[in-house]
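For reference, the structure discussed in these notes is given below.
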Amino acid sequence: MQTVKNFVYGNNVLRSDWNNTPLEDQINEYLENHPGFSVATMSMLNGTGYREVLVVFNVREEQSEKKPFVKNSSDKKVKRND
């Protein structure tokens, strides 16, 4: 699975604020907070008063999510002919 996130340095028009945290620090912090993510690709936009990076992250799924649900055999009722 993949997800996309944008990071802005400078004038962030979408949030009407100024972000002076370097882009590398923003991306590294995001990766530290999301250990299952890895960078697939990046694109940088240079505008007047800002730089924006669009990052595509690969998301590793947890092993427990991949396992199919299997009913326990004790849940099945068996009719006996005694």
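Pairs of Cα atoms under 8 Å, at least six residues apart: use those to get the relative contact order of region 2-61, whole percent.
Values: 95 pairs, mean separation 26.9, N = 60.
Here the relative contact order equals 45 percent.
Quick one: what do you get for region 2-61 if you divide its Cα Rg by 2.2 N^0.38 Å? Could the numbers behind the result be given before it?
Details: Rg = 11.9 Å, N = 60, 2.2 N^0.38 = 10.4 Å.
Expressed relative to 2.2 N^0.38 Å, the Cα Rg reads 1.14.
Coordinate-derived values only; no laboratory data. Predicted model only: the values in this text are computed from it and were never measured.
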